[in-house]
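Following: one structure in structure tokens, then a few remarks.
Read the figures in this text as sums done on the coordinates, not as results from a lab. This is a predicted model, so every value here is computed, not measured. When we count neighbours, we look across all protein chains shown, and the Cβ atoms used for this are built from the backbone with ideal geometry, even at glycine.
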Amino acid sequence: MKQIILSLACLGALQLASAQDRVSQETALLYAKLAGADTQQLQGTPIPTSVDLTQPVAMQDGEFGGMVLPQAKLTAEALAKADDKVLPIGQLWLLKLTPMSGGEKVSADKLRLATIKTPDGDELKVPQCALGVQRGKGGALELLVFGKDKEPLLKVALKPIDVKQSSPIELDAERGDESAQVHLKILGKYQATFKVTQLEL
């Protein structure tokens, strides 16, 4: 029963294998509802985010997981016009995972840890990462992943792509021995890739 509740409340996503195995949209919407239950927490990220809880993408792999919530009214035009000011594009929620920066795991004290209440009244601590886009010094677009501070945990190059996708932000991942490589696709126009690994709280 505990494992079922964990999978339900953990915001499940990040399959760490194949995007075809993402959880159903019905289940993803349930995860999004749990994430959005505390409005102050949902909106309290280091950069101002206002996410669309009706368009989550969620994946899971056993006890590990993650979910993306896109910024409301996110458009390709806004991304193309991004400058050196951070443009919020959504949030990434993780379960028992943390981003990696410079080949090292980001420690828990640098993460924004959100509290999720499970249906049976238990509480879970999960990383809540704000996502932003910024044009770097060289003129190229970068994905910024934030923890609890206004300085991003990592900056990742955005590569142009041209694909069709049903959600504003989609993700898939490839499992390695001690980490997974995550691919975020944004509006079918850009892709960012970074690594996550196990988080111990």
Exercise. So what J values fall out for the range 43-54 if you push phi through Karplus, 6.51 cos²θ - 1.76 cosθ + 1.60 with θ = phi - 60°, rounded to Hz, Gly and Pro as x?
Worked result: 9, x, 6, x, 10, x, 10, 9, 8, 8, 6, 8
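Could you grab the relative contact order for the chain? Cα pairs under 8 Å, six or more apart, rounded to a whole percent.
22
Could you tell me which trypsin sites (Lys or Arg not before Pro) in the range 77-172 are loop residues by DSSP with no more than 12 other beta carbons within 10 angstrom of their beta carbon?
On the way: sites: Lys81, Lys85, Lys96, Lys105, Lys110, Arg112, Lys117, Lys125, Arg135, Lys137, Lys148, Lys150, Lys155, Lys164; in loops: Lys81, Lys85, Lys96, Arg112, Lys137, Lys148, Lys150, Lys164.
Answer by residue number: Lys81, Lys85, Lys137, Lys150, Lys164.
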Exercise. So if R0 is 30 Å, what FRET efficiency would Asp83 and Lys125 give, r being the distance between their Cβ atoms, rounded to the nearest 0.05?
Worked result: 0.30
Problem set entry | Amide H contacts of Leu154 (H built 1.01 Å from N, under 5 Å, at least 5 apart or other chain) | Val145
Exercise. In whole Å, how far is the Cα centre of the range 30-98 from that of the range 112-181?
Worked result: 8
Problem set entry | Shape category assigned to the chain from the gyration tensor of Cα positions, a/c cut at 1.5 | rounded
Exercise. In degrees from 0 to 90, rounded to the nearest 10, what is the angle of the helix 25-35 Cα long axis to the longest principal axis of the chain?
Worked result: 90
For this session: Enumerate the calculated ³J(HN,Hα) couplings along the range 163-180 in order (Karplus 6.51 cos²θ - 1.76 cosθ + 1.60, θ = phi - 60°), each rounded to whole Hz, writing x wherever the residue is Gly or Pro.
Result: 9, 8, 9, 8, 10, x, 10, 10, 9, 8, 7, 10, 6, x, 5, 10, 8, 9
For this session: Classify the range 102-201 as rounded, prolate or oblate from the Cα gyration tensor: take a ≥ b ≥ c as the square roots of its eigenvalues, call it rounded if a/c is under 1.5, otherwise prolate when a/b beats b/c and oblate if not.
Result: prolate
Exercise. From the phi of every residue in the range 107-118, what ³J(HN,Hα) in whole Hz does the Karplus formula 6.51 cos²θ - 1.76 cosθ + 1.60 yield, where θ is phi - 60° and glycine or proline is x?
Worked result: 6, 4, 6, 9, 8, 8, 9, 8, 9, 10, 8, 7
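Which loop-located GluC sites (Glu not before Pro) does the range 143-179 contain, where loop means any DSSP state but H, G, I, E or B and the Cβ has at most 11 other Cβ atoms within 10 Å? Before the final figure, lay out the partial values.
Values: sites: Glu170, Glu174, Glu178; in loops: Glu178.
Taking the range 143-179 and a limit of 11 other Cβ atoms within 10 Å, the loop GluC sites (Glu not before Pro) found are Glu178.
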For this session: Could you size up the charge dipole of the chain around its Cα centre, putting +1 on the beta carbon of Lys and Arg and -1 on that of Asp and Glu, and report it in debye to the nearest 20?
Result: 540
Exercise. Could you give the length gained on full extension between Lys155 and His183, defined as 0.36 nm per residue of separation minus the Cα-Cα distance, in nm?
Worked result: 8.7 nm
